[in-house]
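S.K.: Below is a structure I'd like to ask you about.
The values are calculated or read from the model by the stated rules, or taken from the named source; none is laboratory data. Owing to the predicted nature of the structure, the values given are computational and were not obtained by experimental measurement. Here Cβ is always computed from backbone atoms with ideal geometry, including for glycine, and neighbour counts include all displayed protein chains.
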Amino acid sequence: MNRSKILLVGATLAAGITTPAALADQERFAMTHPTWNEECGSCHVAYPPQLLPAASWEALLGDLGNHFGSDASLDPATAAELLAYARMHASARTAAGEPTLRITRTRWFLHEHDEIGPATWQRPAIGSPANCAACHRGADSGDYSERRIKIPR
């Protein structure tokens, strides 16, 4: 890395400025939007919006009446608020084709979990890759640090 790039990266980090793509590579996400946490977290972990690109959030939040087999419909104002939040914090990563609707099918997720075998995902205490809180003890507060992982037996 050349000196000017190092200085730019250092200045950016010192100023607290990051991009959505950089946020998706971190271990801890600020989960400070009360409506996001309440509405999304009422049925599952309120996944950090940095884990999917805006097109994916638009597709997910645009069809809440059929949200993975459940009716998660919201009033239009709340849905619009959540969509605006998701767009603002979405990953800058994009993939060709249809939007990815499952975080567990993103290249990032597959890379981060490539050492986890199918039998582990099927353990009763885990159930599926979508159950982040089964292993990431701080998932509810946006903490996905490897230091806090405990894989159930």
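S.K.: Condition check: of a type outside the set (A, V, I, L, M, F, W, C), under 14 Å from Q50 (Cα atoms) and touching a strand residue (DSSP E or B) at 6+ places or on another chain (Cβ under 9 Å). Does R107 satisfy that?
M.R.: Against the criterion (of a type outside the set (A, V, I, L, M, F, W, C), under 14 Å from Q50 (Cα atoms) and touching a strand residue (DSSP E or B) at 6+ places or on another chain (Cβ under 9 Å)), R107 does not qualify.
S.K.: Based on what the data block shows, is L101 assigned to a loop (DSSP other than H, G, I, E, B), modelled with pLDDT of 90 or more, in contact with a Ser or Thr (Cβ under 7 Å, 6 or more places away or on another chain) and within 23 Å of A133 (Cβ to Cβ)?
M.R.: Considered against the rule, which asks whether it is assigned to a loop (DSSP other than H, G, I, E, B), modelled with pLDDT of 90 or more, in contact with a Ser or Thr (Cβ under 7 Å, 6 or more places away or on another chain) and within 23 Å of A133 (Cβ to Cβ), L101 comes out as yes.
S.K.: Only one of A119, A79, A84 is of a type in the set (G, A, S), without any contact (Cβ under 8 Å) to a residue 60 or more places away in the chain, part of a helix (DSSP H, G or I) and buried (at least 16 other Cβ atoms within 10 Å of the Cβ); which?
M.R.: None of the other options fit; the residue is A79.
S.K.: Next question. Mind listing just one residue for me: the one in the range 122-146 that is at pLDDT 95 or above, over 19 Å from C40 (Cβ atoms) and not hydrophobic (A, V, I, L, M, F, W, C) and, of those, surrounded by the fewest Cβ atoms within 10 Å (Cβ to Cβ)?
M.R.: For the range 122-146, the residue satisfying everything is P124.
S.K.: Here's another thing I want to ask about it. Which pairs turn up if I take residues in the range 25-54 that are under 15 Å from T104 (Cα atoms) and look for partners that are charged (D, E, K, R) and crowded, with 16+ Cβ neighbours inside 10 Å with beta carbon separation below 7 Å, at least 6 apart in sequence or on another chain?
M.R.: Going by the 7 Å Cβ cut-off, the qualifying pairs are P53/R93.
S.K.: Report the residue count in the range 87-98 for those that are assigned to a loop (DSSP other than H, G, I, E, B) and out of contact with any strand residue (DSSP E or B) (no Cβ under 9 Å at 6 or more places or on another chain).
M.R.: 3
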